Each structure stands twice: as C-alpha cells, then as structure tokens.
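Enquirer: For reference, the structure I am asking about is given below.
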Amino acid sequence: MRTKLVAGNWKMHGGLAANRELLDALKAASADWSGVESAVCVPFPYLHQVRELLRGTPIAWGAQNLSEHEAGAYTGEVSGAMLRDFECRYVIVGHSERRRLYGEQDAQVAAKFAAAQRAGLVPILCVGETLEEREQGATEAVVARQLDAVLDTAGVAALRNAVLAYEPVWAIGTGRTATPEQAQAVHRYLRERIAGRDAEIAQEVRILYGGSVKAGNAAQLFAMPDVDGGLIGGASLIAEEFAAICKAAKAE
Ligand code: PEP
C-alpha cells in the first residue's frame, strides 16, 4: 500500500508575510488529511522560516533544486548538505522548468538525484514530455529516457528513497490537465519499466502526477490506481485549494 503524497512547488513565489499566512492556514487544516503525506517545496531563502513554522507539524518541507556538487567554487549554487541543515526532507530534481529554462540535461539531473540522496534528501524526480513530443507519439520514449538516465546511474534500489513525478510539460501552468486516463497510462508505463529492473520496488515507488492539478480535478486523478498523489504548482499557493487537494488524496 503506497501512502499518498501531495507536494507543493511554490516555484519563485512567496514572501515572509504571505508564507506565514499560507502555512498557518495549512497547519490549521492539516488534521483533515491525516494519513496523507504533504509537503511544500519552497524557495531557498524561506527554508529557515518554513522550518520554524512547520517543525512538529505533519507537513514536511523541501527545496526545488540543488547542486550536483558537494561544495566549492560554484557561485549561486546550494548543496544537498545545506538543505539538510534546514531539515529539508524533499528536493525536486529535473523539473521541466529547470530542464527547459536552465538547460539541465539528463546526465546532470541524474547527478543531482545522486547528490540529493548522498545528503539524505528524498529526491522528487520529474519526468514528462512536451506537447510536440506527445503529438509525435514519443511520450513513452521521452519519459523512459529521463527515468533510465537516473536508474542507470543510481541503480533501481535508489527508488526506495525517492519519489517520481510525471509532469507533462504541456499541462504545467497551462490550466490544461492530463485526463485521469492519460495520466494513468503513463504512470503504469513508468511502473512497468521499473518492474523490468525490480518488481518489488516498482510496486513500492510513489508516482505523483503534476500539471494543473486543482481542487476540482484532484479526486479523479488520485482515483487512478498508479497515481499516488500530486506535485502541485499554482494551486499550492492558495491555502483552500492545496488543503482541498490533500483532502482529495485522503478520500482515494
Ligand atoms: C509544477 O510546477 O510542478 C506544476 C505542476 O505546476 P502547475 O500545478 O501550476 O501546473
């Protein structure tokens, strides 16, 4: 039985006052989704504040990126050990915005995944195809390539301490969500591909769906047998929306 996880990706949003308001509301509501794991992945400067606000609550926290290096002359970068200093549990790796806007390639994503685990963090590895790739019928080939790049480096056993997220690029921030059937098809494909390496790990690993999840569509997505929760962008900035998405995960 896989425990559902709903993780918010705040992206480059937030502010000290707004964060406090949002997290106070989520803390107050969190009893409503007991049994579901929840987390917020926040911009680096707010990790201290978020740790102070969420410590001792059921809501975990994490970051949205990390360096593949341990330490050194890498101006502007943040290491996994630094994230652990702030008691992060999760770190998003290979988000499509990092791949597209900052040129992160599969090999670098794999190195970041490994760096996260070396630091004791749980990477949330994002994979997903663009609209053009979907229309060319290349969805499976693309997500397989992105997944294999990590498994070839880290080994399938690394998935015991990791989370996968299927995020079709065409659904991120666009208001256009994959249908539950479209999501399920790719999630099942990913699980079968992992099973090709290790059937037990394939059954254990959580695969989140991300891409315009909202309170209004979460329940149908989470009802799919291979959808184990969500990675939530825009809706994670609105307390009532995020709370309702977490509650929808509990219902399934
Ligand atoms: C994301 O950024 O991971 C995401 C899923 O964004 P949104 O929910 O806004 O589509």
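Nothing in this text is a laboratory measurement; each read-out follows from the coordinates by a stated rule. Being a predicted model, the structure only gives us computed values, none of them experimental. Note: ideal-geometry Cβ built from the backbone for every residue, glycine included; neighbour counts use all protein chains shown.
Enquirer: Restricting things to alpha carbons, tell me how big the chain is in terms of Rg and Dmax, in Å.
Expert: Cα only, the chain: 16.8, 48 Å (Rg, Dmax).
Enquirer: Please state the relative contact order of the chain as a whole percent: Cα pairs under 8 Å, 6+ residues apart?
Expert: Numbers: 487 pairs, mean separation 56.3, N = 252.
Contact order relative to length: 22 percent.
Enquirer: Oh, and also: Which shape class applies to the stretch 175-252: rounded if a/c is under 1.5, otherwise prolate when a/b exceeds b/c and oblate if not, where a ≥ b ≥ c are the square roots of the Cα gyration tensor eigenvalues? Before the final figure, lay out each step's value.
Expert: Details: a/c = 2.41, a/b = 2.00, b/c = 1.20.
Because a/c hits 1.5 or more and a/b exceeds b/c, the stretch 175-252 counts as prolate.
Enquirer: Here's something else I'd like to know. State the Cα centre-to-centre distance between the stretch 43-97 and the stretch 133-151 in whole Å.
Expert: Between the Cα centre of the stretch 43-97 and that of the stretch 133-151, the gap is 27 Å.
Enquirer: A follow-up question, please. For the chain, what is the calculated [θ] at 222 nm in deg cm²/dmol (nearest 500), taking -39500 (n - 2.57) for each run of four or more DSSP H residues and dividing by its residue count? Walk me through the intermediate numbers first.
Expert: Values: 11 runs with 111 residues, N = 252.
Mean residue ellipticity at 222 nm (helix-derived): -13000 deg cm²/dmol.
Enquirer: Placing unit charges on C-beta atoms (Lys and Arg positive, Asp and Glu negative, everything else neutral), compute the dipole magnitude of the chain about its Cα centre in debye, rounded to 20. Display every interim value, and only then the final one.
Expert: Values: 26 positive and 31 negative charges, 82 e Å.
Approximately 400 debye in magnitude.
Enquirer: For the stretch 1-65, treating each Cα as an identical point scatterer without solvent, what Debye log10 I(q)/I(0) comes out at q = 0.22, 0.23 1/Å?
Expert: Cα-only, vacuum Debye calculation for the stretch 1-65: -0.91, -0.99.
Enquirer: If contacts are Cα pairs under 8 angstrom and at least 6 residues apart, what is the relative contact order of the stretch 102-252 in percent? Show your work: numbers first, answer last.
Expert: Values: 230 pairs, mean separation 31.3, N = 151.
The normalised contact order for the stretch 102-252 reaches 21 percent.
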